[in-house]
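Below is one structure, written out as structure tokens; the observations come after it.
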Amino acid sequence: MGRIIALDYGKVRTGIAVTDELQLIASGLTTVNTKELLIFLKNYLEKENVEAIVVGEPKQMNYEASESEALIIPFLAKLKAQFPKLKIERQDERFTSKMAFQSMIDGGLKKKQRRDKALVDEISATLILQGYINRI
């Protein structure tokens, strides 16, 4: 079995989470500048055995695609072109940012630490990945 990577794709930065090789535990990996995301993924995939990439699917409350989906569609095309043998999945990401922020509060992080948007993105990616693991 290979790892699964999850992406909380954003216009400026992307949160990244990854599973262990048994695909049991989702852990935050990092946050990268979105412009550097494909380079980061290429380097990571050269070192690690990855089975799939899960990209968050932003939806509105009525299940319609949110505005940010327009940014994700071209990225998905580039991702599939660069890694044609890799399975690419989608996972509903509604409420992940709010849940990430709440988990920071529950975890006892100070207000200054909770303002770190990169950390929120990384935790959101972890929640996306955990949701995917629970679904499969």
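Every read-out reported here was derived from the displayed coordinates using simple, explicitly stated rules and does not represent laboratory data. Please read these numbers as outputs of a predicted model, since none were measured by experiment. Neighbour counts run over all protein chains shown; Cβ positions are idealised from the backbone, glycine included.
If you scan the stretch 45-62, which residues turn out to be touching a Lys or Arg at 6+ places or on another chain (Cβ under 9 Å) and either assigned to a helix (DSSP H, G or I) or not acidic (Asp, Glu) (or both)?
Of everything in the stretch 45-62, those that are touching a Lys or Arg at 6+ places or on another chain (Cβ under 9 Å) and either assigned to a helix (DSSP H, G or I) or not acidic (Asp, Glu) (or both) turn out to be 49, 50, 52, 53, 54, 55, 56, 58, 59, 60, 61.
Can you name the number of the only condition in (1) free of Cβ contacts under 8 Å to residues at least 40 places away in the same chain; (2) in contact with a helix residue (DSSP H, G or I) (Cβ under 9 Å, 6 or more places away or on another chain); (3) more than 23 Å from residue 134 (Cα to Cα) that residue 66 fails?
(2)
I'm told residue 75 meets every condition in (1) closer than 16 Å to residue 129 by Cβ; (2) crowded, with 16+ Cβ neighbours inside 10 Å; (3) hydrophobic (A, V, I, L, M, F, W, C) except one. Can you identify the failing condition by its number?
The one condition residue 75 does not meet is (1).
Residues being within 16 Å of residue 130 (Cβ to Cβ) and in contact with an Asp or Glu (Cβ under 7 Å, 6 or more places away or on another chain): count how many of those fall in the stretch 49-63.
Qualifying residue count for the region: 4.
Examine the stretch 105-123 for a residue that is touching a Ser or Thr at 6+ places or on another chain (Cβ under 6 Å) and surrounded by fewer than 18 Cβ atoms within 10 Å (Cβ to Cβ), and state whether such a residue exists.
Within the stretch 105-123 (the criterion being touching a Ser or Thr at 6+ places or on another chain (Cβ under 6 Å) and surrounded by fewer than 18 Cβ atoms within 10 Å (Cβ to Cβ)), the answer is yes, since at least one residue qualifies.
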